[in-house]
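Colleague: Before we start, here is the structure in question, set down as structure tokens.
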Amino acid sequence: MKRLLFITLLILCVSLAGHAVIEIDGVFYNTYWVGQHQEAVVVVGDTYDQDKEINYMGLVHANIRDSVTFDGKTMLPVSKIGWVAFQWATDLEEVTIPNTVKTIEEAAFNHCLKLRSITIPNSVVTIEEWGIAHNPSLKELHLGSGAVNVDHYAIVGNTALEVITVDEDNPVFDSRNNCNGIITVVNNSAVHDRNILFTACSRTVLPKEVTWIGRGAYQHQDITTVVLPKQITNLEYSCFEDCEYLTAIYDYSSEPQGCMSTTFDDDHYNNCTLYVPRGAKETYQQSPVWKDFRHIEEFNADIQPGDVDGDGEITVNDANSVVVIIINGGSKGHTRIPHPDGGSWINLADVNNDGEVNIADFNTVIDRILVGL
């Protein structure tokens, strides 16, 4: 009986010891326990041998396997990309993630300076804090249908992002209208279907349904101008944290939005100009947080193409301004304001919106003046 007990304990100890780290095509794997069975995890170092240093310097393409065989006999599915696995893998340009991975742990793809694009397969359910963060070359990100547990700071600091998409079958997140952002819908007893901008980039165009900008949405983005459409009612904390180049905020709402002291950085209050609709300056100067902006100016939020001088009317002066711009070859005299959706700028002299200022724009201004008469 004692002999049987000893053998049982010996087998248990061996099984608990796990397998040694193995390397396949430059990617390192180890095992971990999931309930009563083991699965494989991508690792950055040998957790059983702290003296063995493993890193991914020099790895350009990480082709992660969907399963790994340990000791020539134990095949385990690869279900996790481990904590800080590829952090500071400065040569990594591409990564292939198999449809067996369920979790991307904290800082797994953090500070991968050359990573250009990443597709999160439908199998991934959880992306932890900084899971895909601070990658200055990352231009494209696709979020799969299964990713429902995504930390608010999982996808931040990717300053080169141009294309953000979400699988249409994802029940929590979406990227409606090709907005180049990630939207989440929150339901509760107080507000039904609250649409929140979860992650954004400099090319994000806010859908009209979005009423909140979520925590850290624009964090670390190299943006110079922020446009807040009328429908935005709340800005959560850290929305614009570490946006060091931000110098102008155009707010189309006459009523100051709810926000927190940490929504903006301290430098923003001193260095940014806050533009608010005509007649709303005093309201903002008396509102919590907004009153801390040293530079608050009014602009005509209802301005229309053709009102070249921005005085609220389309008159002969506007027609003359278009003529001056045409004479100058379209290079001088332009007046631009940000579009209310935040996605583009309106050239007030380009009345027909064809990308040029020419005689057609002059004729359109004249027509509008005559209609006004």
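What follows is calculated from the coordinates using simple rules that are stated; it is not laboratory data. None of the values given here were measured: they were computed from a predicted structure. Positions of Cβ are backbone-derived with ideal geometry, glycine not excepted, and every protein chain shown enters the neighbour counts.
Colleague: Quote the relative contact order of segment 155-240 in percent (integer), defining contacts as alpha-carbon pairs under 8 Å separated by 6+ residues.
Modeller: Reported as a whole number, the value is 26 percent.
Colleague: Could you give the length gained on full extension between residue 245 and residue 93, defined as 0.36 nm per residue of separation minus the Cα-Cα distance, in nm?
Modeller: 52.0 nm
Colleague: Specify the inter-centroid distance of segment 143-201 and segment 239-283, based on alpha-carbon positions, in whole Å.
Modeller: Distance between centres, Cα-based: 23 Å.
Colleague: Further, regarding this structure: First check a/c for segment 113-240, with a ≥ b ≥ c the square roots of the eigenvalues of its C-alpha gyration tensor; if it is under 1.5, answer rounded, and if not, answer prolate when a/b is larger than b/c or oblate otherwise. Please report the intermediate quantities before stating the final value.
Modeller: On the way: a/c = 1.65, a/b = 1.16, b/c = 1.42.
Judged from the Cα gyration tensor, segment 113-240 comes out oblate (a/c at least 1.5, b/c at or above a/b).
Colleague: Shifting gears a bit: Quickly work out the residue 139-to-residue 359 label distance, labels modelled 7 Å from Cα along the C-beta direction, and quote it in nm with one decimal.
Modeller: 4.0 nm
Colleague: Which residues' amide hydrogens lie under 5 Å from the amide hydrogen of residue 298, considering only partners 5 or more residues apart or on another chain, with H built in the peptide plane?
Modeller: Placed amide hydrogens put 276 under 5 Å from residue 298.
Colleague: Pairs of Cα atoms under 8 Å, at least six residues apart: use those to get the relative contact order of segment 97-136, whole percent.
Modeller: Relative contact order here is 57 percent.
Colleague: Okay, moving on. Could you compute the net charge surrounding residue 302? Neighbours are other residues with a C-beta less than 14 Å from the C-beta of residue 302; K and R count +1, D and E count -1.
Modeller: So the surrounding residues net to -3.
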